[in-house]
Amino acid sequence: PRTTTTTTASSLDRRVRVDGAGDARANGVYARCGRQNGAPRWRHVERRWLCILRDGSNWWIGCERAAVEDLYWRDAASVDAPWRVCPCDDATHRHFRGSGPPPTLRWDDDDDEDDDDD
């Protein structure tokens with residue numbers, strides 16, 4: 001997935017943090033969990049059904065089972081492509097369930113300031 005840092009082979013083993021999604025279920029930390037369709041895959045550490053995965057032409061945040069519940073997507077061919085909402089807009093795409101705004105993704109570090117108890 002596109003993050004604010006450069007993607008390298010070693011960075012693909014890092015965790016990804018999703019923030020700011022209109023559908024709060026997508027927010028949180030995703031841990032690397034193998035590969036799918038020839039690309040790395042990450043699974044939400046609390047909501048095990050939720051993954052970041054690639055289907056060849058797009059990156060997705062949603063259920064790892066195809067066409068069940070997709071929340072957000074971005075074009076995999078463009079490094080600068082933004083994440084987009086998967087709105088439920090017609091009978092063909094009823095499994096699109098995202099809501100705005102789209103999220104931001106970044107590599108997660110263990111020394112995250114969210115751990116403060118102040």
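Just so it is clear, none of the values below were taken in a lab; they were calculated from the coordinates. None of these values were measured; they are calculated from a predicted model. A quick note on method: Cβ atoms are made from the backbone with ideal geometry, for glycine too, and the neighbour counts reach across all protein chains shown.
Some notes on this structure:
- The 3J(HN,Hα) values that the Karplus relation (6.51, -1.76, 1.60; θ = phi - 60°) gives for the range 39-49 are, in residue order, 10, x, 10, 10, 10, 4, 6, 10, 10, 4, 6 Hz. Gly and Pro appear as x.
- FRET E, pair Ser78, Asp19, Förster distance 25 Å, beta-carbon r, rounded to 0.05: 0.70
- Relative contact order of the range 16-80, defined on C-alpha pairs under 8 angstrom at six or more residues apart (%): 20 percent
- Amide H within-cut-off set for Cys33, under 5 Å, with H built and near neighbours excluded: Arg41, Trp42, Arg43
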